[in-house]
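The structure appears right after this line, and notes come after that.
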Amino acid sequence: MKPASRVRPSVDESRNPWIQNSSELRYENPWVQVRHDIVTDPSGQPGIYGVVTPRNLALGVVPFFDDGTVLLVGQYRYALRRYSWEIPEGGGDKSVAPEISIARELREETGYSATEWFPVIVDGSLSNSITDERVFCWAAWALTLGESELESTEHDLVSWRVPFADVVSMVWSYEIHDSITTMAIARLEAMRLRNELPDALQDILR
């Protein structure tokens, strides 16, 4: 076994060892495209690769109240065939700045608007062996309640205010299994412990 090292291996990270010999769009709908590629893999062997490309960015927001609670939403996820507690999430047009789209998504799903924002996930990857989906996430606070505008697929949506420490525990125990929520909460907890959050948010979470 090689010893642990803090030195990054010398690798040309810009080099693509895959060769795309052909590409064919096999399926599309208003939300995704599915591509079938004939490839040569890094060992030189021929193969195939299926790539799912969402038409939108994946977006999430962790809304904080002044008492340190977080607003979660619960809904039944059709593809998983299971219920899911998660932060407010949605899709954003790739031609629009992500922070604009996520502010809209927060208002539409929960009715809340925020005046304070902090980036938590900047251009992350989700299930990167089969999809090129990109994810962006913010923390938001200084919330004001208005009217929500739920889509037809969200009419079973339920909101739940939960202390941040309890949300961390839900992530740790896999009670929360949504990947965007898990990444965002884990990063926020790490930044809280390292005192790297904005002062106002750090104070909320004391």
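The values are calculated or read from the model by the stated rules, or taken from the named source; none is laboratory data. Just so you know, these numbers come straight off a predicted model, no measurement behind them. Note that we place each Cβ from the backbone using ideal geometry, even for glycine, and neighbour counts take in every protein chain shown. Remember, those area values only see protein heavy atoms, side chains included, never the ligands or the DNA or RNA. Shrake-Rupley method; radii C 1.70, N 1.55, O 1.52, S 1.80 Å.
Derived value for the stretch 143-206: Kirkwood hydrodynamic radius 13.8 Å. Basis is the mean of 1/r over every pair of different alpha-carbon atoms.
Between amide H atoms placed 1.01 Å from N, distances below 5 Å from V62 occur with W138, A139, A140, all of them 5 or more places distant or on a separate chain. Structural descriptor for the stretch 1-100: relative contact order 18 percent, calculated from alpha carbon pairs under 8 angstrom and at least 6 residues apart. Normalised per residue, the accessible area of the stretch 102-206 is 56 Å², obtained with a 1.4 Å probe and no contribution from ligands, DNA or RNA.
Between V122 and D156, the modelled label-to-label distance comes to 3.8 nm, taking each label 7 Å out from Cα in the direction of the beta carbon. Counted by Cβ distance under 15 Å from N21, the other residues give a net charge of -2, where Lys and Arg count +1 and Asp and Glu count -1. Atom-type composition of the exposed protein surface of the stretch 143-206 places 51 percent of the accessible area on carbon and sulfur (1.4 angstrom probe).
For the chain, what does -39500 (n - 2.57) per DSSP helix run (n ≥ 4), summed and divided by total residues, give at 222 nm, in deg cm²/dmol to the nearest 500? Here the helix-only value at 222 nm equals -6500 deg cm²/dmol. Taking amide H positions as modeled 1.01 Å from N, with prolines and chain starts lacking one, the residues under 5 Å from Y112 and 5 or more places away or on another chain are G146.
Taking max minus min of the alpha-carbon positions on each principal axis, the stretch 37-162 gives extents of 57, 30, 25 Å, largest first. Taking amide H atoms as placed 1.01 Å from N in the peptide plane, the amide H of R55 lies under 5 Å from those of V32, Q33, each 5 or more residues away in sequence or on another chain.
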